[in-house]
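Encoded as structure tokens, the structure appears first; notes follow it.
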Amino acid sequence: MPLEPDDVAERAAELFDNGFGCSGSVLQAVAESHGIQSDLIPRIATGFCGGIARTGNVCGALAGTFMALSLFTGRNLPTDPRDENCKLIQQVVRQF
């Protein structure tokens, strides 16, 4: 059973306090809350640190959220639809 959002946020803050970036912390916390384990998480988020490789662009927490949402609504095949994923991410962008 997934954790409550406040618990996920608390875990992300803990990961951040222990040295992971915003994107990796968010992605790892969400993955853990759903029982997803992979050596690729949070490694895959490393380049998003500091607003994409320390350039100050897209916030890492936002990028981590996009990756986390994509764990559940992303495509496995090139022919899979991406509408649900795009709608969710657009909603997050509007609220951010």
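Since every read-out is calculated from the coordinates, none of them should be taken as a lab result. Computed from a predicted model, the values in this text were never measured in an experiment. Ideal geometry is used to build each Cβ from the backbone, glycine not excepted, and the neighbour counts take in all protein chains shown.
Observations, loosely collected:
- Flag for F48 being under 11 Å from M67 (Cβ atoms), among the aromatic types (F, W, Y) and surrounded by 22 or more Cβ atoms within 10 Å (Cβ to Cβ): yes
- Conditions (1) over 18 Å from L3 (Cβ atoms); (2) crowded, with 17+ Cβ neighbours inside 10 Å; (3) of a type in the set (G, A, S); number of the one not met by G24: (1)
- Leading residue by the ranking (nearest to the chain's Cα centre (by Cα)) among those in segment 10-67 that are over 24 Å from K87 (Cβ atoms) and among the hydroxyl-bearing types (S, T, Y): S25
- Any hit, segment 71-80, residues being among the aromatic types (F, W, Y) and surrounded by 15 or more Cβ atoms within 10 Å (Cβ to Cβ): no
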